[in-house]
Amino acid sequence: LEGRTFVLMCDEQRAWYEEYFLANINSKTTRPMLPFVSLKSLCKKKIQNIEDIALLNDLLDISFPNGFIYFYIGSASDKKSLIAKSRDDSLL
């Protein structure tokens, strides 16, 4: 992990999984907390274009000085996949 945070996002069809994942990833107290956050909780603005993606990446770079990784679950045709594809270290 190297101190980085995972920014989780899902397409609309899998939105239920995002809620399930975040509710359960750190539910047990017998292990260290893992740094997963939802993109929806960090940015309410709808990302429309490449400029918005660049601004979002800048915001997250400032918010997470140790770095972050997009973790995207969904269809490659969804606009949110473009956010994840904007960084080489994203998990798709």
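The values are calculated or read from the model by the stated rules, or taken from the named source; none is laboratory data. Small disclaimer: the values here were computed from a predicted structure and weren't measured. We place every Cβ from the backbone using ideal geometry, glycine too, and count neighbours over all the protein chains shown.
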Could you give me the residue pairs with C-beta distances under 6 Å whose first residue belongs to segment 24-44 and is under 19 Å from Gly74 (Cα atoms), whose second residue is assigned to a strand (DSSP E or B) and aromatic (Phe, Trp, Tyr) wherever it lies, and which are 6+ apart or on separate chains? Ile25/Phe36; Phe36/Phe6
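Among residues belonging to segment 37-66 that are among the hydrophobic types (A, V, I, L, M, F, W, C) and loosely packed, with under 15 Cβ neighbours inside 10 Å, point out the one that is nearest to the chain's Cα centre (by Cα).
Leu59
Which of the residues belonging to segment 76-91 are part of a loop (DSSP other than H, G, I, E, B), without any contact (Cβ under 8 Å) to a residue 24 or more places away in the chain and more than 12 Å from Leu8 (Cβ to Cβ)?
The answer is Ala76, Ser77, Asp88, Asp89.
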Among the residues of segment 62-75, is any of a type in the set (Val, Ile, Thr), touching a helix residue (DSSP H, G or I) at 6+ places or on another chain (Cβ under 8 Å) and either touching a residue at least 40 places away in the same chain (Cβ under 8 Å) or under 20 Å from Glu2 (Cα atoms) (or both)? yes
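Out of Asp58, Asp78, I need the residue that is more than 20 Å from Leu22 (Cβ to Cβ) and not small (Gly, Ala, Ser). Which one? Before you say what the answer is, go through the steps one by one.
Details: Asp78 fails: more than 20 Å from Leu22 (Cβ to Cβ).
Of the residues listed, the single one that is more than 20 Å from Leu22 (Cβ to Cβ) and not small (Gly, Ala, Ser) is Asp58.
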Within segment 29-75, can you find the residues that are modelled with pLDDT of 90 or more, of a type in the set (A, V, I, L, M, F, W, C) and closer than 15 Å to Asp11 by Cα? Leu39, Phe71, Ile73
